[in-house]
Amino acid sequence: MSDLRDPAPYDALLLLSFGGPEGPDDVVPFLENVTRGRGIPRERLEEVGQHYFLFGGVSPINDQNRALLDALRKNFAEHGLDLPVHWGNRNWAPYLTDTLREMTVAGHRRIAVLATSAYASYSGCRQYRENLAEALATLEAEGLELPRVDKLRHYFNHPGFVRPMIDGVLASLADLPEEVRVGAHLAFTTHSIPTSAADASGPASEHGDGGSYVRQHLDVARLIVDALRDETGVEHPWELVYQSRSGAAHIPWLEPDICDHLEALHASSAPAVVMVPIGFVSDHMEVLYDLDTEATAKAAELGLPVRRSATVGADPRFAAAVRDLVLERAATERGIAAERCALGALGTSHDLCPVGCCPARAPKPAAAGADSPYA
């Protein structure tokens, strides 16, 4: 095996995700996990849980992670990469702490971590690092020898993440009636977050005016629009919009909301819309409910033709991108220069989150960063 195809020093990959309920009885306990410490009454959780009950109380995210696990293992095996792949969640089984304990007991000592969030933000990066620190603290209290964990860089602009989305938009445009296809607007969607969290996303040098979170999403949207123009000859009008807001009404969050955006497009006589969920790795509940159910119903009410393009999910090209991310980081850790793939204007993200990157709402230890208490 050549140096650039050697996963050392890593002896395992951990797929770290959000988690979701897998039956009606799981819904409220899952939401209690998600909102722990916020004092949200059970009645409100039961109300929010109705989104899950519409789908039998099952979030698709766990099955989608199982499919991604299979794709990663298949890709690794096909390319001779001998690296076990494990899976742990933040909010539901298999829980991160349990998975990390199993990996530690099995003898893994240097673990690469892939989070199912491609962009910089507190909830999309630092919170996962806090979860890792909490899990390591638990294992330390149990007397276990701690592994070192390294979170892989943000991959929002990796070709293996972007190209499947381009193909998804092309397929959605082709599915629109021919008479509205050329004039179709593209609504690039991602999870809304408080504007204060957006402004503080990424390294301190990038804070303000949406921070890294907005900047990275805009870069991906432009990449897709440019690729569509190059391949179809059509420059589609577009905008970055938001969905899945969950905060108090008096706190400013990123806008416009997708449903408000659909109303504005209808008012301006837009002929059709393709919703492009660039902020999400897979078709989990925010995609199935907020886009496929709520936003699609709003478009039908307006008489506005709408399609929703596919997320990356377990696309083989994304699995190959993860292999790239592991091998480039492994080479870097061994002091070897490796090709680092990235499209667009922003270049590759940092390997190690610097101090002040996506600061916490309240100070908490976070692993896999410059401020990590675990070397």
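The values are calculated or read from the model by the stated rules, or taken from the named source; none is laboratory data. Not measured: the values here are computed from a predicted model. Cβ placement follows ideal geometry from the backbone for every residue including glycine, while neighbour counts extend to all protein chains displayed. Surface accessibility is based on the protein's heavy atoms, side chains included, excluding ligands, DNA and RNA. Shrake-Rupley method; radii C 1.70, N 1.55, O 1.52, S 1.80 Å.
Per-structure values
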{"quantity": "Point-charge dipole on Cβ atoms (K/R +1, D/E -1) for the chain, about Cα centre, debye to 20", "calculated": "780"}
{"quantity": "Exposure of Cys341 as accessible area (Å², to 10), given a probe of 1.4 Å and all protein chains", "calculated": "40"}
{"quantity": "Distance from segment 317-352 to segment 22-101 (C-alpha centre basis), Å", "calculated": "26"}
{"quantity": "In degrees, nearest ten, helix 61-78 long axis to first principal axis of the chain (Cα)", "calculated": "60"}
{"quantity": "Part-to-part distance (alpha-carbon centres) for segment 217-264 and segment 135-164, which is given in Å", "calculated": "29"}
{"quantity": "Value of relative contact order over the chain, rounded to a whole percent, pairs C-alpha under 8 Å and six or more apart", "calculated": "24"}
{"quantity": "Residues of segment 180-199 with amide N under 16 Å of a point placed 7 Å along Cα→Cβ from Ile251", "calculated": "191-199"}
{"quantity": "Length released on extending from Cys341 to Asp209, taking residue separation times 0.36 nm less the Cα-Cα span", "calculated": "44.8 nm"}
{"quantity": "Cα gyration tensor shape of segment 103-241, rounded if a/c is under 1.5, else prolate or oblate by comparing a/b with b/c", "calculated": "prolate"}
{"quantity": "Set of lysines with alpha-carbon distance to Lys74 below 30 Å, sequence-local pairs under 8 removed", "calculated": "Lys151"}
{"quantity": "Exposed GluC sites (Glu not before Pro) absent - longest run of the chain, DSSP non-H/G/I/E/B, at most 16 other C-beta within 10 Å", "calculated": "1-141"}
{"quantity": "Arg73-Ala375 pseudo-label distance in nm [points 7 Å out on the Cα-to-Cβ vector]", "calculated": "3.6"}
{"quantity": "Accessible-area order (highest first, 1.4 angstrom probe) of the listed residues Tyr213, Tyr374", "calculated": "Tyr374, Tyr213"}
{"quantity": "Segment 312-375 - percent of accessible surface contributed by carbon and sulfur, probe 1.4 Å", "calculated": "59"}
{"quantity": "Stretchable slack from Glu239 to Arg334, in nm (0.36 nm times residue separation minus alpha-carbon distance)", "calculated": "30.0 nm"}
{"quantity": "Virtual spin-label span in nm between Thr138 and Ala300, 7 Å along Cα→Cβ", "calculated": "4.2"}
{"quantity": "Lys151 long-range amide H proximity, modeled H, under 5 Å", "calculated": "Val113"}
{"quantity": "Solvent-accessible area per residue for the chain (1.4 angstrom probe, square angstrom)", "calculated": "41"}
{"quantity": "Nearest-ten-degree value, helix 258-267 long axis tilted from longest Cα axis of the chain", "calculated": "20"}
{"quantity": "Of Val27, Val48, Val85, the one that fluctuates the most in a GNM where the chain has Cα springs shorter than 10 Å", "calculated": "Val48"}
{"quantity": "Gaussian network model of the chain, Cα within-10 Å springs - most flexible of Gly57, Gly160, Gly39", "calculated": "Gly39"}
{"quantity": "Segment 222-259 residues near the modelled Asp175 label - backbone nitrogen below 19 Å, point 7 Å along Cα→Cβ", "calculated": "225, 228, 259"}
{"quantity": "Ellipticity estimate at 222 nm from DSSP helix runs (n ≥ 4, -39,500 (n - 2.57)) divided over the chain, nearest 500", "calculated": "-12000 deg cm²/dmol"}
{"quantity": "Cα long-axis angle, helix 316-333 against the chain (0 to 90 degrees, to the nearest 10)", "calculated": "40"}
